[in-house]
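Structure first, then comments.
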Amino acid sequence: MNWRGVIRLIGLLLTLYSLSFILPWLLALVYQDGEAQHFLSAWLISTAIGLAIWWPVRAERRALRVRDGFLVVALFWAVLGVVGAIPFIVGLHLSVTDAIFESVSGFTTTGATVIVGIDELPPSILYHRQQIQWLGGMGVVVLAVAILPLLGVGGMQLYRAEASGIAKDEKLTPRITKTAQALWSIYFALTLACTLAYLAAGMSLFDAVGHAFTTVATAGFSTHDASIGHFDSLAIELICIVFMTLGGINFAIHFVVWRQRNPLLYLRDPEARTYLAILLGASLFIALSLVWAGAYAGFGEALRYGLFEVVSVMTTTGFGTADFSAWPRHIPLVLAMLAFVGGCAGSTAGGLKVVRVMLLAKMGVRQMLVLSHPRATALLKLGRRAVPDDVAYSVWGYYVLYLSTALVLTVAMMAAGLDLESAFGAVTATLNLLGPGLGEVAITFADVGPAVKWLAIFGMLVGRLEVFTLLILFTFAFWRP
């Protein structure tokens with residue numbers, strides 16, 4: 001393990017991240033909300049810590065290996081959770097547990113919160129909450145990969161550890177730096193387009209920027225307690241649906257569509273096609289269920305709220321326009337299933353990812369075929385491409401680890417005091433990066449105990465780092481020389 005290289009990179013990344021406190025500090029000065037000194041303190045403290053970590057090992061130049069990359073990513077996300085919590089501790093006077101929970105929830109784009117009375121928060125704090133979700137959406141580490149080569153640090157190992165999905169070794173451009181820059185260019189362009197659309201629909205500039213940050217990041221924090229429902233605007237909801245849907249699609253597909261100027265390429269990708277089909281089918285099913293149960297007067301109103309919640313949940317954004325926990329009991333279960341499916345690989349969404357669910361289903365069908373016809377040879381294919389056996393085994397292993405983690409966390413949360421519905425809802429909300437849960441955590445985690453919050457923090461990190469990146473650190477093989 002190249003410890004000096006790992007420490008040097010953590011220091012550099014933290015120093016770079018400390019610059020993000022400048023914007024909320026300037027906003028605090030503009031709004032005079034009393035938080036300027038707190039953000040200045042956070043900026044100085046994080047910069048000092050970053051430089052103190054980097055300085056003793058600044059001369060280290062040995063290349064990082066893949067194993068080092070996993071350690072850097074896991075440690076840096078943990079460090080981000082702590083540093084991002086500083087404004088919540090010194091500004092809002094939250095406990096350390098609550099502040100770290102809020103910060104980790106932001107960076108992992110989960111959107112779960114322990115804060116009650118969001119409408120009353122200082123504007124700079126509100127902006128900080130939205131900004132950390134935007135940074136976490138594509139991955140602060142990927143952002144750094146586009147910059148660190150200028151400082152003499154290679155980024156391929158970090159990209160392999162950070163990028164989600166089974167196609168994480170595929171690069172859009174020959175150089176990893178250009179790949180990260182391309183991804184962030186698309187991410188920024190979508191955010192800008194979403195901001196302008198929200199402005200045109202009637203949001204204020206502050207709300208438009210803040211909600212664009214979390215819509216494209218499929219994150220879920222809002223500047224209002226009532227979330228998107230605060231605006232009670234069909235136009236805003238439709239804009240939100242469009243950009244949540246785009247945020248849940250593989251950004252590699254966005255890149256190809258942009259480069260070839262051909263939106264029909266979305267429908268040619270088997271994963272994106274399946275993802276859109278699930279969204280449409282689930283929305284119609286839930287709308288019809290709401291009409292059948294008499295929850296809404298007509299199909300149009302039921303479709304409005306059903307479509308929004310389906311897109312919000314499957315993309316693991318967590319925005320709300322209605323309290324789905326009060327809907328007929330089978331609907332929250334269907335939504336929980338959609339949260340476990342999640343968005344596409346290589347997107348900002350959480351969950352298992354659609355491509356993995358597709359491959360698992362295809363493996364099941366292939367196994368039934370082999371059992372019926374033992375001499376038959378059946379290729380596992382995704383679209384027109386055959387899927388190698390090692391990829392199939394990796395997907396199966398990921399699925400087993402993911403569900404095992406969900407079960408263990410559910411049991412642990414029940415042992416910490418939650419009932420079954422609340423424990424399942426908390427795991428669904430955190431491991432899948434969804435935000436709202438069921439039972440006691442349907443709206444906020446403010447009323448649960450510290451043990452549950454720390455378990456939730458662990459669940460959010462596992463979900464954001466795609467299970468392997470974090471859990472591999474707990475194996476003896478990883479630390480073996």
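The values are calculated or read from the model by the stated rules, or taken from the named source; none is laboratory data. Keep in mind that what you see is a predicted model, and the values were worked out from it rather than measured. Glycine also receives a Cβ, built like all others from the backbone with ideal geometry; neighbour counts cover every protein chain displayed.
Laid out as a table, the results:
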item	result
Complete set of residues in the range 80-108 that are buried (at least 19 other Cβ atoms within 10 Å of the Cβ), in contact (Cβ under 8 Å) with a residue 40 or more places away in the chain and part of a helix (DSSP H, G or I)	LEU80, GLY81, VAL83, ILE86, PRO87, ASP98, ILE100, PHE101, VAL104, SER105, GLY106, PHE107
Qualifying residue in the range 274-285 (condition: modelled with pLDDT of 95 or more, over 25 Å from TRP134 (Cβ atoms) and more than 24 Å from the chain's Cα centre (by Cα))	yes
Among (1) more than 23 Å from LEU307 (Cβ to Cβ); (2) among the aromatic types (Phe, Trp, Tyr); (3) more than 21 Å from the chain's Cα centre (by Cα), the one test that PHE188 misses	(3)
Residue list for the range 248-299, restricted to those being of a type in the set (A, V, I, L, M, F, W, C), closer than 28 Å to ALA336 by Cβ and not in a helix (DSSP H, G or I)	ILE249, ALA295, ALA297
Selection within the range 365-389 - part of a helix (DSSP H, G or I) and within 22 Å of ASP269 (Cβ to Cβ)	VAL365, ARG366
Residues located in the range 49-96, provided they are aliphatic (A, V, I, L, M) and over 19 Å from GLY5 (Cα atoms)	VAL82, VAL83, ALA85, ILE86, ILE89, VAL90, LEU92, LEU94, VAL96
Residue match in the range 50-61 (condition: within 18 Å of the chain's Cα centre (by Cα), over 20 Å from ILE22 (Cβ atoms) and assigned to a helix (DSSP H, G or I))	no
The lone exception for SER394 - which of (1) of a type in the set (S, T, N, Q); (2) over 19 Å from VAL427 (Cβ atoms); (3) without any contact (Cβ under 8 Å) to a residue 12 or more places away in the chain it fails	(3)
Some residue of the range 65-80 being more than 25 Å from ALA217 (Cβ to Cβ), in contact with a Lys or Arg (Cβ under 8 Å, 6 or more places away or on another chain) and not charged (D, E, K, R)	yes
Residue among VAL256, VAL242, VAL216, VAL209 that is modelled with pLDDT under 90, of a type in the set (A, V, I, L, M) and out of contact with any strand residue (DSSP E or B) (no Cβ under 6 Å at 6 or more places or on another chain)	VAL256
Residue that is in a helix (DSSP H, G or I) and within 18 Å of ILE100 (Cβ to Cβ), where the choices are GLY425, GLY463, GLY435	GLY463
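Residue-wise test of (1) surrounded by fewer than 12 Cβ atoms within 10 Å (Cβ to Cβ); (2) at pLDDT 95 or above.
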residue	(1), (2)
ALA297	yes, no
VAL310	no, yes
GLY318	no, no
THR321	no, no
ALA336	no, no
THR348	no, no
LYS362	no, no
GLN367	yes, no
VAL370	no, no
